[in-house]
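**Student:** Here it is, the structure, as C-alpha cells.
The values are calculated or read from the model by the stated rules, or taken from the named source; none is laboratory data. On a predicted model such as this, the values are computed, not experimentally measured, just so you know. Cβ atoms come from the backbone with ideal geometry, glycine included; neighbour counts cover every protein chain shown. Calculation scope for accessible area: heavy atoms of the full protein, side chains included, ligands and nucleic acids excluded. Shrake-Rupley method; radii C 1.70, N 1.55, O 1.52, S 1.80 Å.
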Amino acid sequence: MNNITIPDFRNPALADGRLQSIADALEHTYQIAMVVEASSHCDLACNFCAAHSDKVPEKIFNIAGPVSKTKKHMDRETFTHLLRLLASQRPLKMLFFHGNGEPLLNPKLHELVAQAKASGIAEAITVVTNGTLLDA
C-alpha cells in the first residue's frame, strides 16, 4: 500500500534528530540526501526559475560540467545507473524527485519512485511538485 505522509518539519522534538543526522554526515563525510531531476519540463513559466528565466544563459555550468536548458525526462536506464552508483553507500535519509522541472510530467515517474523504493536506497522518498497536476 502506498502511504503519503507530510513531514512535520516544525516539530521541535524532531529537530535534534535531524541536526544530529547532519552533524554525523559532515563528521564522517557521507551523503544524506540527493535531488533527482525526473523532468526538466514544466507546465509553468515562472520568471524566477532558472529553467525559464531569460537571465540565465542557454548553457550554464555546474559542478558536473556544462549543462544546457534542453527539456528532457529522466529515463529508467539513467536512473538504474544512478541507483547502482549509490548502492555501495549507506542509504540516504531522503531522495527528492525535484529540480528545475515538474516531476509529475515524466510519464515514467511512478516507475522511478517504485524502483527507488524497492532498492532501499533511501529511508524516505519525496516528490516535490508545483501541484498543478494533482487532483482529488
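**Student:** Which condition does Ala51 not pass, out of (1) of a type in the set (A, V, I, L, M); (2) modelled with pLDDT of 70 or more; (3) under 26 Å from Pro107 (Cβ atoms), if it passes all the others?
**Tutor:** (2)
**Student:** Among residues belonging to the stretch 83-118 that are among the polar types (S, T, N, Q) and modelled with pLDDT of 95 or more, point out the one that is most open to solvent (accessible area, probe 1.4 Å).
**Tutor:** As a first pass, look at the stretch 83-118 and keep what is among the polar types (S, T, N, Q): 88-89, 100, 106, 115.
The next check asks that each one be modelled with pLDDT of 95 or more; those that pass are 106, 115.
Working: Asn106: 6, Gln115: 33 Å².
Only one residue tops the list, namely Gln115.
**Student:** If Ala33 satisfies all but one of (1) modelled with pLDDT of 75 or more; (2) closer than 25 Å to Leu133 by Cα, what's the number of the condition it fails?
**Tutor:** So Ala33 meets the others, but not (2).
**Student:** Hey, another quick one. Just give me the residues in the stretch 54-82 being charged (D, E, K, R) and modelled with pLDDT of 90 or more, in sequence order. Don't jump to the end; show me each part of the working.
**Tutor:** Pass one, the stretch 54-82, residues charged (D, E, K, R): 54-55, 58-59, 69, 71-72, 75-77.
Within the stretch 54-82, Asp75, Arg76, Glu77 meet the criteria.
**Student:** In the stretch 15-28, is there at least one residue being assigned to a strand (DSSP E or B), modelled with pLDDT of 65 or more and either on the phi < 0 side of the Ramachandran plot or not charged (D, E, K, R) (or both)?
**Tutor:** Initially, the stretch 15-28 is screened for residues assigned to a strand (DSSP E or B), giving none.
No: the stretch 15-28 contains no residue that is assigned to a strand (DSSP E or B), modelled with pLDDT of 65 or more and either on the phi < 0 side of the Ramachandran plot or not charged (D, E, K, R) (or both).
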